[in-house]
Structure formats: structure tokens, C-alpha cells
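Everything on this sheet refers to the single structure shown next.
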Amino acid sequence: YFHPWEIDPGQPRVAAGMRSRLRHYTGLASKAPRLARLLRDFNWGRLDDVHAAALGQAAPPPGMQMAAE
């Protein structure tokens, strides 16, 4: 999971200790491209639809293929 501030490189800087600054600001520039890659490379659907498809109770959501058993 991620927090919204983790994909905002323009967020205001706050006075904090070195550990907090490292945790909050290191890697900000790479978060948005990483999220874009996840959204592009994987199929996404609502959990109830994916679960029903996995149980064979519904067709898989568009673009999603269920693994053969």
C-alpha cells in the first residue's frame, strides 16, 4: 500500500529529524512511475467480482483471466 503523499514530490517540507526526512522524502520521484507501471502491467477489478470469478460464480472482469486449476 502507499499513502497519497508518497506520490507527491511537491509536498511541503516539514522540519523533522533525519530519519523522518529520509523515510518521507527519499524515493518520491520514483513512486508515481512505479504506480503507473503497476496499473499498466496488471489487470484490476473489484474484489467481489474477482472473488466470484475465482469461485466460478461469474465471468471474470474484463481483461482478467483466471488461472486454470
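Values quoted throughout were computed directly from the atomic coordinates according to the rules given, and no laboratory measurement underlies them. Predicted model, so just to flag it, every value in this text is computed and none were measured. Every residue, glycine as well, gets a Cβ built from its backbone with ideal geometry; the counts of neighbours run over all protein chains shown.
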Requested in this report: Would you tally the net charge around Val14, using a Cβ to Cβ cut-off of less than 14 Å, leaving Val14 out, and scoring K and R as +1, D and E as -1?
Outcome: +3
**Report entry** Pairwise label distance in nanometres, Ala54 with Arg19, each label 7 Å out on the Cα-Cβ vector
**Finding:** 3.6 nm
